[in-house]
Amino acid sequence: MSAEPSASPSRTGVWLIGARGSVATTAMTGCAAVAAGLYPVTGLVTETEPFAASGLPALSSLVFGGHDTVDCPLPKRAETLAAAGVLPHGLPSAVRGELTATDGEIRPGVPLPGDTRSEDALIDTLVGDIRDFTRRQGLARTVVVNVASTEPAPEGAALPASSLYAAAALRAGCPYINFTPSAGLHHPALAAEALAAALPYAGRDGKTGQTLLRSVLGPMFAQRALRVLAWSGTNLLGGGDGAALADPAAAAAKNSGKERVLADTLGTVPQGEVHIDDVPALGDWKTAWDHIAFDGFLGTRMVLQTTWQGCDSALAAPLVLDLVRLLARADERGLTGPRPELAFYFKDPDPGAPAALGEQYAALLDFGRRLGDPR
Ligand SMILES: NC(=O)c1ccc[n+]([C@@H]2O[C@H](COP(=O)([O-])OP(=O)(O)OC[C@H]3O[C@@H](n4cnc5c(N)ncnc54)[C@H](O)[C@@H]3O)[C@@H](O)[C@H]2O)c1
C-alpha cells in the first residue's frame with residue numbers, strides 16, 4: 001500500500017514564492033477564514049455569480065506551501081499582521097491549525113548567502129520541492145505564484161531568483177502566476193521553454209490600487225475627448241514592499257507598469273512621473289496621490305486629484321486566490337500559454353489584452369464562461 005495519498009481531482013496546490021510575506025500570509029489566512037465561513041467573500045471576484053458555473057476549485061480545496069528565504073513561523077507572521085491591523089484581531093489563532101500545517105510545507109528559498117550551486121542545480125532543487133509537495137499531498141495540480149520581494153530589472157545573462165522559480169514551475173509542470181513586477185517568466189532566456197511547456201501562465205504585477213484607478217480614469221478621459229497633459233503620482237508605503245521599493249532599481253521596475261497603463265489607455269504619454277517613498281511607520285497601508293492636469297473644451301485647464309488609502313495585502317490577497325482558481329481551472333481544461341484574459345488583475349498584462357478595466361472585466365467574464373462550457 002502506498003504511503004502517499006492518491007491524486008485527488010478536488011485538491012489544488014498553491015505554491016507561493018515569498019510564502020512568509022504579507023501578501024502570502026494574508027492570502028493563506030484569508031482563504032482558511034473564508035473557507036471556514038468565519039468571514040464573507042468580500043473582494044473575491046471568483047465568488048461572484050458570473051463564476052458560479054466556471055468549475056473553479058473550491059477555496060476549501062486549496063492546499064498551500066512555498067519557498068521563502070526567511071524562517072519566521074507563519075503563525076507568528078500572521079500575529080504580526082493582526083497586531084498591525086492587516087488581519088482581524090483573533091483570526092490567526094482561529095486558523096492556527098491551518099497556518100501550522102502550511103508552515104511545515106515551506107522550504108528554503110534561493111539564493112541563500114554563500115550558495116555556490118549552478119543555476120541548473122538551484123532549479124532542480126526547487127523543482128524537487130514543488131513535486132514532493134504535489135505528490136505528498138496527493139494534489140491534482142499545483143499553481144506556482146510569485147509573491148516575493150520585487151527585484152531590480154535583471155542585467156546580464158544570469159537568471160534572477162524570480163526567473164529561477166519560473167523555470168522551476170515550468171519544469172515541475174505547474175501553471176505559473178507572476179504577481180510582482182520582477183522578471184519571472186518574462187526573462188528572454190525562458191521564452192522558448194515557456195512556449196514549449198504547454199502550461200497556462202499569467203502576469204505580471206498585481207493591479208490593486210493606484211494603477212487600478214488609472215485603468216478606470218484613463219479610458220474616461222479618452223472617451224470624453226479630454227486632453228490629459230500631465231499625470232503625476234506619489235506613493236507612500238511601508239512594510240516589506242516599501243523597504244524593497246526604496247531601492248531605485250526595484251522602484252523603476254514597479255513604475256514602468258504604472259506608466260504603461262496611461263500610455264495604453266490615453267494613446268499618448270503625458271508629462272509627470274510616479275514616485276514611491278518608503279515610510280516604515282505606515283506598514284502595509286499605502287497612500288497614493290494622483291494629480292491629473294487636463295484640457296477641456298476651448299482649452300480650459302482643469303485638474304483632478306485622487307487620494308487612495310489602501311491596505312496593500314488586503315487588496316492583493318483575494319486577487320491571488322482568484323488567479324490561482326482561474327489558472328488551475330484553465331490548466332484542467334487544457335488551456336496553455338499566456339492568458340491575456342486575466343489582464344483585469346495585472347498592471348503589465350500579457351500581450352493582446354485590452355488596457356481599460358471595463359474591457360478587461362468583460363474579457364474575464366467571457367473567460368469564466370468558457371471555463372465552464374460543457375466539453
Ligand atoms: N497590493 C500589494 O500588496 C501588491 C500589489 C502588486 C504587487 N505586489 C507585489 O507582491 C510582492 C509581495 O509583497 P509583500 O507586501 O508581501 O512583500 P513582503 O516583503 O511582505 O514579502 C515578500 C517575501 O518574499 C520573500 N523573499 C524575498 N526574496 C526571496 C527569494 N529569493 N525567494 C523566496 N522568497 C523571497 C521575503 O523573505 C518576504 O517574506 C512584492 O513584489 C510586491 O511588489 C503587491
Please count how many residues of the stretch 328-375 are charged (D, E, K, R) and under 16 Å from His186 (Cβ atoms).
4
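Provide a single number: the residues in the stretch 59-84 that are touching a residue at least 12 places away in the same chain (Cβ under 8 Å) and either over 29 Å from Ser10 (Cβ atoms) or within 11 Å of the ligand (Cβ to nearest atom) (or both).
12
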Looking at the stretch 191-206, which of its residues are in contact with a helix residue (DSSP H, G or I) (Cβ under 8 Å, 6 or more places away or on another chain) and surrounded by fewer than 19 Cβ atoms within 10 Å (Cβ to Cβ)?
Glu193
Would you check if there is a residue in the stretch 204-214 being part of a strand (DSSP E or B), more than 10 Å from the ligand (Cβ to nearest atom) and under 30 Å from Asp295 (Cβ atoms)?
no
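To keep it simple, each residue is scored yes or no on (1) under 16 Å from Gly13 (Cα atoms); (2) within 16 Å of the ligand (Cβ to nearest atom).
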site: Leu126; (1), (2): yes, yes
site: Ile130; (1), (2): yes, yes
site: Gln137; (1), (2): yes, no
site: Leu170; (1), (2): yes, no
site: Pro175; (1), (2): yes, no
site: Pro181; (1), (2): no, yes
site: Ala192; (1), (2): no, no
site: Ala196; (1), (2): no, no
Could you say whether any residue in the stretch 307-320 is more than 16 Å from the ligand (Cβ to nearest atom) and either of a type in the set (Val, Ile, Thr) or assigned to a strand (DSSP E or B) (or both)?
yes
When you scan the stretch 20-36, do you find a residue that is part of a loop (DSSP other than H, G, I, E, B), at pLDDT 95 or above, more than 16 Å from the ligand (Cβ to nearest atom) and in the same structural domain as Glu105 (by TED's automatic domain parsing), even just one?
yes
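Determine whether Pro354 is free of Cβ contacts under 8 Å to residues at least 60 places away in the same chain and under 24 Å from Val23 (Cβ atoms).
Spelling it out, it is not the case that Pro354 is free of Cβ contacts under 8 Å to residues at least 60 places away in the same chain and under 24 Å from Val23 (Cβ atoms).
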What about Gly209, is it surrounded by fewer than 21 Cβ atoms within 10 Å (Cβ to Cβ) and either at positive phi or not basic (Lys, Arg) (or both)?
no
Applying the selection to the stretch 139-164, what residues are closer than 14 Å to Val63 by Cα and away from the ligand (no atom under 11 Å from the Cβ)?
Leu139, Ala140, Arg141, Thr142, Val143, Val144
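Given the options Ala167, Ala158, Ala191, name the one that is at pLDDT 95 or above and out of contact with any strand residue (DSSP E or B) (no Cβ under 7 Å at 6 or more places or on another chain).
Numbers: Ala158 fails: at pLDDT 95 or above; Ala191 fails: at pLDDT 95 or above.
Unique residue meeting the criteria: Ala167.
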Do we have any residue at all in the stretch 285-304 that's touching a His at 6+ places or on another chain (Cβ under 8 Å) and either without any contact (Cβ under 8 Å) to a residue 40 or more places away in the chain or within 21 Å of Gly206 (Cβ to Cβ) (or both)?
yes
Which one of these is touching a Gly at 6+ places or on another chain (Cβ under 7 Å) and either assigned by TED's automatic domain parsing to the domain that holds Phe179 or surrounded by fewer than 18 Cβ atoms within 10 Å (Cβ to Cβ) (or both): Leu319, Leu335?
Leu319
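The values are calculated or read from the model by the stated rules, or taken from the named source; none is laboratory data. Everything numeric here is computed off the predicted structure, so don't read it as measured data. Quick reminder, even Gly has a Cβ in these numbers, built from the backbone with ideal geometry, and neighbours come from all protein chains shown.
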